[in-house]
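Undergrad: This is the structure I have questions about; it appears just below.
Readers should treat all values here as calculations from the given coordinates under stated rules, not as data from a laboratory. Not measured: the values here are computed from a predicted model. Cβ atoms come from the backbone with ideal geometry, glycine included; neighbour counts cover every protein chain shown.
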Amino acid sequence: MKFLVISFLFSLLLLLLYSRLRPYVIFLRKLLGAAKTMAEPQPDPKAAFRGTATRGDSKLVRCVACGTWIPSERAIGANAGRSVYCSRECLEKMSNGKERKLAG
């Protein structure tokens, strides 16, 4: 019983201490967050106007059907080393054209 009373008083003391220190902890957390954002390098605002993308190393490929330049990640058929197309419509258009040439 004595242990229970002592633990209750100790927890009450910690709760009182926490309630008094909580505003200072919140202020310190905000201050450190602001210092962290100030320490991070800011992106160059002129880079957006120059057209520099974050993925500037992507290779451009040209669609066989329409001649549009597109990033190689979005191209159809670029992984297989075949002809490259920008969309399914261009792929279908070229396949229909080849069938007509073979049939004609």
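Undergrad: If segment 1-40 were replaced by its equivalent ellipsoid, with semi-axes equal to the square roots of 5 times the Cα gyration tensor eigenvalues, what would those be, largest first, whole Å?
TA: Semi-axes, largest first: 37, 9, 4 Å.
Undergrad: What are the ³J(HN,Hα) values, in whole Hz, obtained from phi via the Karplus relation 6.51 cos²θ - 1.76 cosθ + 1.60 with θ = phi - 60°, for each residue of segment 17-24 in sequence order, with x given for Gly and Pro?
TA: Using θ = phi - 60°, the values come out as 4, 5, 5, 7, 8, 4, x, 5 Hz.
Undergrad: Using a 7 Å offset from the Cα along the Cα-to-Cβ direction at both Leu4 and Lys36, what is the distance between the two label points in nm, to one decimal?
TA: 4.3 nm
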